[in-house]
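Visitor: I have a structure here, written as structure tokens, and I will follow up with some questions on it.
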């Protein structure tokens, strides 16, 4: 099932809503209704907590075999207890050796991958670096996605109709990708700038991966799940940061308007599941989605809805692919 269209989403050519029939209140269970995933294999990073856990639950309930790679195996098995069709395997996204070990074990099984959902991520963390000296948000939120997808590429091609889903964020609007100093070696570290560039990178990766991979039946998407209550994403954020962003008062209580804007976890997983399973996306790829639809292009206004142009720029996407290969020392061979 090779795609023949030459149209890409470079510079946002396809970036407009397609009237999916869903909106910000849709849940993961609603967007997958009527879709049978029996016989399909999905991998969901971070699939044992938050919106990843809900994504795992819904995909497994639809019949898919879901593999959840996790750093804390004991915690993952506890959270996934009672789920049918779910396998837990060890993997640490901050360890390139761990990513390779997981991928090699999966490839040795001979199975194909129908859905690779790069869901795991971190935010609001202090400056940390991995063993290679790479800033932790860039390493976890993006370069781990790139490496894992590259290593699993033979199994994705074998599916003859796979999808790769990168859970990004509206936070990509915090920063474009800094090609001159991605690791904050020569500029002051600012956690939201680091988060923003990691999510911009994730968007650019989905764009370029779809362009290169659709010839082999692999489509790719990035998405904003929404602002969600009840996840672990902000567990390291200091109270002062939430106050600075206007989220809460001096006592740490969220303002009513902020609470009203939050999605539930089932709503937060909806766009991921929609991107993974919607038949409306069969001939569309490389797009950034939100609220279970293709998002609009964002304006130049601060914090406008949609996706920023720099996050879909063709030259940025090609340049980032090459830089990513250099940073992690691998070649992502598509053909």
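The values are calculated or read from the model by the stated rules, or taken from the named source; none is laboratory data. Bear in mind the structure is a predicted one, so any value in this text is a computation, not a measurement. Note that each Cβ is placed from the backbone with ideal geometry, even for glycine, and that neighbours are counted across all protein chains shown.
Visitor: May I ask you to list the residues in the range 129-143 that are buried (at least 24 other Cβ atoms within 10 Å of the Cβ), closer than 12 Å to residue 96 by Cβ and touching a helix residue (DSSP H, G or I) at 6+ places or on another chain (Cβ under 6 Å)?
Guide: 143, the sole residue that qualifies.
Visitor: Could you tell me whether any residue of the range 283-299 is assigned to a loop (DSSP other than H, G, I, E, B) and free of Cβ contacts under 8 Å to residues at least 60 places away in the same chain? If you could, list the steps in order and put the result at the bottom.
Guide: Filtering the range 283-299 down to residues assigned to a loop (DSSP other than H, G, I, E, B) leaves 283-287, 291-292, 295-296, 298-299.
Narrowing further to those that are free of Cβ contacts under 8 Å to residues at least 60 places away in the same chain: 299.
Yes, that holds for at least one residue.
Visitor: Can you find, within the range 78-104, the residue that is nearest to the chain's Cα centre (by Cα) among those that are farther than 25 Å from residue 138 by Cα and without any contact (Cβ under 8 Å) to a residue 24 or more places away in the chain?
Guide: 87
Visitor: While we're looking at this one, here's another question. Which is surrounded by fewer than 22 Cβ atoms within 10 Å (Cβ to Cβ), modelled with pLDDT of 95 or more and touching a helix residue (DSSP H, G or I) at 6+ places or on another chain (Cβ under 8 Å), of 320, 297, 280, 312?
Guide: 297
Visitor: Could we say that residue 147 is touching a residue at least 60 places away in the same chain (Cβ under 8 Å), surrounded by fewer than 24 Cβ atoms within 10 Å (Cβ to Cβ) and assigned by TED's automatic domain parsing to the domain that holds residue 48 here? Give the steps one after another, and end with the answer.
Guide: Numbers: touching a residue at least 60 places away in the same chain (Cβ under 8 Å): yes; surrounded by fewer than 24 Cβ atoms within 10 Å (Cβ to Cβ): yes; assigned by TED's automatic domain parsing to the domain that holds residue 48: yes.
So residue 147 fits the description; yes.
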